[in-house]
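Below is one structure; the comments refer to it alone.
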Amino acid sequence: MQRLQIMAAPLSLDALTTVVVESTDGPVGGVSSFLGLVRGENLGRRVRFLEYEAYDALALKVLARIEQEARAQWPSATVGIHHRTGRVEIGEASIAIVAASAHRADAFAVCRYAIERVKQILPVWKHEHFDDGETWVEGATADPDDEAARQEARRRACA
Amino acid sequence: MRVKVRLFARLREIVGSAEIERDVPPGATLAVVWDQLAADFPALAPYRGSISAAVNADYARLQAPVGDGDEVAFLPPVSGG
């Protein structure tokens, strides 16, 4: 299993944790993880399920970029990110992130940094299906070179 | 020259296809490719200020030139996570 993946199969936090810890060079003293779940409600409407669409070839490069950015800032940490595509049911995980490091602070920071950058620049789209219709969620205009966005992700990671 | 244009999410729905071939003038930029496409599919026009673009699966500015045979992609605002 790769640490950075866009995948149609259900996500496993345990499997991702194992691969991240095993691929960390230095000593691991802390592991932090984030699991994003599909919520059955958004802005007051009942959500039946979500569908995720990705530009796979670009998304893999973007995950590698997020990993590089995190490594530049927190060199002792290793990160793994798995994002789901296709139909995802309520309560299922759409994204799993694991960060391992020598100490807890870096593990927490990298985990938070990674999800903030995913929200900003990963070419993935969420299609919400309601009882009475559907809509594409449109969040951030992706610009990996936007330094202000990167600073904001870093700020949240260290808050 | 000819480029392959990939479209995602709402943009794909507007055009009715995930991938189309387009003839564009030599020296065309991504902006030219987009504007030609939006002329054929007017519902794309409101996205002009919020799209991102890619050439051969790398993010690129709209001012960037495209080459014959390139894979061009237009991306609406992202919503992963």
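Rule-based calculations on the coordinates, nothing more; no lab input. This one's a predicted model, so the numbers in the text were calculated from it and none came from an experiment. FYI the Cβ positions are ideal-geometry reconstructions off the backbone, even for glycines, and counts take in every protein chain you see.
From other protein chains only, count the Cβ atoms within 10 Å of every residue's Cβ in B:9-16, then give the mean.
3
Which log10 I(q)/I(0) values, to two decimals, does segment A:69-125 give at q = 0.13, 0.29 Å⁻¹ under the Debye formula with one point per Cα?
Debye curve over Cα of segment A:69-125, log10 I(q)/I(0) at q = 0.13, 0.29 Å⁻¹: -0.36, -1.17.
Within a 10 angstrom radius of each residue's Cβ in A:133-145, how many Cβ atoms of other chains show up on average? Whole number is fine.
5
Gain in length, A:M1 to A:F49, computed as 0.36 nm per residue apart minus the alpha-carbon separation, to one decimal in nm?
Stretched out fully, the A:M1 to A:F49 stretch lengthens by 14.6 nm.
List the aspartates and glutamates whose Cα sits under 20 Å from the Cα of A:K61, skipping any in the same chain fewer than 8 residues away.
Leaving aside aspartates and glutamates fewer than 8 places away in the same chain, those within reach of A:K61 are A:E53, A:E69, A:E116, A:D143, A:D145, A:D146, A:E147, B:D58, B:D70, B:E71.
Can you give the angle from 0 to 90° between the axis of helix B:30-40 and the longest principal axis of chain B, with both taken from C-alpha atoms, to the nearest 10?
70 degrees
Kindly give the semi-axes, whole Å and largest first, of the ellipsoid equivalent to segment B:2-75, taking each as the square root of 5 times a Cα gyration tensor eigenvalue.
17, 12, 12
List the extent of the Cα atoms of segment A:44-159 along each of their three principal axes, largest first, rounded to whole Å.
The Cα atoms of segment A:44-159 stretch 47, 28, 28 Å along their principal axes.
List A:S94, A:S33, A:S23 from most exposed to least, where exposure is judged by having the fewest other Cβ atoms within 10 Å.
Ascending number of Cβ neighbours within 10 Å: A:S23, A:S33, A:S94.
I want to verify the translational diffusion coefficient of the protein assembly as shown in µm²/s; compute it with Stokes-Einstein, Rh as the Kirkwood radius over Cα pairs, at 25 °C and 0.890 mPa s.
131 µm²/s
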